[in-house]
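Everything below concerns the one structure shown next.
The values are calculated or read from the model by the stated rules, or taken from the named source; none is laboratory data. Everything quoted here is computed from the prediction, not taken from an experiment. When we count neighbours, we look across all protein chains shown, and the Cβ atoms used for this are built from the backbone with ideal geometry, even at glycine.
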Amino acid sequence: MTDSPTQSTDLTELFASAGVPESFAARAAARLGDDAAQRLREDPWRLLRVPGVQPRQADLFARGLLGEAAQPDDPRRGKAMVVHLLTEAARQGHTATPAAEVEKQLGTMRVPEARRAIDAALDEAEVLSLAEEPEFDEAAFEDEDGPDDFPEPEETLGLARWALAEEAAAEGFQRLNATAVPLLDDATIKAARAGLGEDRSLALTASLRTGVCMLRGTPDDVAEASLGLVTAAAGHGLRAAIVTPTERAAAGMEAPEDGAATVVALHRLLEPLEEAEAAPGAVVFARGEQRPLELDLVVLPDAAGLDVELFAVLVEACADGTHLVLGSESGALPPAGPGQVLADLEASETVPVIELDPAPADDPLATLTASVRGGELVAVEAPGKEVVIVPAKDGAEAVHRAVQLVTDSIPRALGIPVEEIQVVAPAVRGDAGTAALNAALKARVNPGPGAYGGFDPGDRVVVAAPLPQAAAGEIGTVTGASGGALQIAFAAGTADVPAARTALLRHGWAVTVAQGRGTRHPAVVAVMAPDAEAALSRPLVATAFGLARRHLSVVQAAGPALAKAVREEGVPERRTRLARLVVQ
């Protein structure tokens, strides 16, 4: 559904009257819906729901709208601040946050009665209270008299969207395990294992006998093992599919020659419904409990990017008895969205995990990436310019070097065209974040006024949040506009993205590592800037380097922080519940 001219004008005029930049209008309409202006008049602190808006900005907007009536103790403000804090926690990957921590943060935001604000948010049902039972203390069982007092359950809070998704994910996982039966008899499985190495034999056995299992290894090893699993399964009459994060990834993976098994992007497999109403950043799919997938074996070689909501959708779409194989590299970068599905399942000790023996690193790219996974940043010999390190003194020079590599050096020296080069960076903001990189690359590769919602024909775009037309991380090229919709050529074909949804698109010559993780490219330019130090981690660097198939240029402006991140840093822990829920 698109905004009518009246609705768009109303929102623009409302923002102008309160001193809000007009650029927020598209984001507000995408997040709050067609009646955004009316909803903001009723509750100006709803502006906090628009990505990028901070509490101070929402307070200024409320003051501009309400005047002296805008007070810190306004109940609407308290509820909005609770939702904002939990939304920020979700952006960091958390699905649950201790209530005591929320109360403390509300105090710093001048919310006078924090508990009342939390209770008001709970009444709206957008926030849920999630009591966490205390861990058993083994020493308490050795005390015959028992403990003097029993610890109280800790109250945690979570946005209903993610809390309910986590519970649905746990239920779906339990159902698949409970309904699983061996897909082939023992004799047939034994014959299928003949000639396989021990790790591949274990992988095949687990996939055919267990409802849910996991594969761990390098992306190439997991992809090769996954292909072997579906080929063996299809060869015995089973309905099997390899499922990838994006259409481009599906196109880059070789399907079994006999055509008995398929390679398909998850988005397409689940069949998105274009006209269905969904929460912002979500999609409604046709496949689900009422219309499950007609597959016996579903294998995801790159499942580490599944957030808890998408995993819940996937397991709900699997019929009783479907076997699910989840692959990833060891120590993979966690998903961009909330949750840590694979880490939680492994921690629950309810799923077999098969470690694949790594193939020898036989080229400079594989050698460098393997060393990063092992915690060391090494110099590699690259006579064929498979790996090039480009030093830069600061963010501005890093952007200049990246543009030079994309538009001149790599096409000229290696014959790889601009269309096959992807720039990645740790974050959006900063002197050498993806926003700055895209601005410079657009000016050089496809200059234009941004006539269609900030985009021009020829612009490369990336889907920042799922659309019915394409999954998050899918990259396409704008070909034109018609009837208020952008026409974008994706790997699966051209799609029309309505104007109301173009706020979910970003320029895509440069993408964050999290956005780009699902698809490998002939050439990758990884920009490591000094202001990205907080985002750097070993999983992020390994993922960035592993996206390159033929060539990797590393624009190194991070100094010693890059080696330090590879050597020492993991990723921040996430507060989630899935590991506990699956064993209840």
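Data for the structure
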| item | result |
| --- | --- |
| Matching entry among ALA489, ALA534 (being closer than 30 Å to ASP344 by Cβ and surrounded by fewer than 23 Cβ atoms within 10 Å (Cβ to Cβ)) | ALA534 |
| Test: residue in the stretch 502-519 that is buried (at least 23 other Cβ atoms within 10 Å of the Cβ), more than 30 Å from GLU274 (Cβ to Cβ) and modelled with pLDDT under 95 | no |
| Residue count, the stretch 399-419 (criterion: under 15 Å from ALA510 (Cβ atoms) and touching a His at 6+ places or on another chain (Cβ under 9 Å)) | 1 |
| Any hit, the stretch 351-362, residues being farther than 21 Å from GLU224 by Cα and either touching a Cys at 6+ places or on another chain (Cβ under 9 Å) or of a type outside the set (A, V, I, L, M) (or both) | yes |
| Test: residue in the stretch 11-23 that is more than 27 Å from the chain's Cα centre (by Cα), in a helix (DSSP H, G or I), on the phi > 0 side of the Ramachandran plot and not assigned by TED's automatic domain parsing to the domain that holds GLY281 | no |
| Looking only at the stretch 284-327, and only at residues there that are touching a residue at least 60 places away in the same chain (Cβ under 8 Å) and in contact with a His (Cβ under 8 Å, 6 or more places away or on another chain), the one that is nearest to ARG575 (Cα to Cα) | LEU297 |
| Cβ-Cβ under 6 Å pairs, at least 6 apart or on other chains, the stretch 191-207 side touching a residue at least 40 places away in the same chain (Cβ under 8 Å), far side of a type in the set (Val, Ile, Thr) | LEU202/ILE354; ALA203/ILE354; ALA206/ILE354; SER207/VAL325 |
| Answer residue from the stretch 37-72, given it is among the acidic types (Asp, Glu) and part of a helix (DSSP H, G or I) and is surrounded by the fewest Cβ atoms within 10 Å (Cβ to Cβ) among those | GLU68 |
| Single residue of the stretch 330-373 satisfying the filter (touching a strand residue (DSSP E or B) at 6+ places or on another chain (Cβ under 7 Å) and not hydrophobic (A, V, I, L, M, F, W, C)) that is farthest from LEU306 (Cα to Cα) | PRO364 |
| Matching option when the condition is in contact (Cβ under 8 Å) with a residue 24 or more places away in the chain, part of a helix (DSSP H, G or I) and over 22 Å from the mean Cα position of the chain (by Cα), among ALA565, ALA532, ALA561 | ALA561 |
| Yes/no for ARG580 being in the same structural domain as GLU419 (by TED's automatic domain parsing), surrounded by fewer than 24 Cβ atoms within 10 Å (Cβ to Cβ) and either under 29 Å from THR95 (Cα atoms) or touching a residue at least 60 places away in the same chain (Cβ under 8 Å) (or both) | no |
| Failed item in (1) at pLDDT 95 or above; (2) surrounded by fewer than 16 Cβ atoms within 10 Å (Cβ to Cβ), with ALA359 passing the rest | (1) |
| Extreme residue, farthest from ILE421 (Cα to Cα), among residues of the stretch 535-558 that are part of a strand (DSSP E or B) and of a type outside the set (Val, Ile, Thr) | GLN556 |
| ASP459, sole failed condition from (1) surrounded by fewer than 20 Cβ atoms within 10 Å (Cβ to Cβ); (2) at pLDDT 95 or above | (1) |
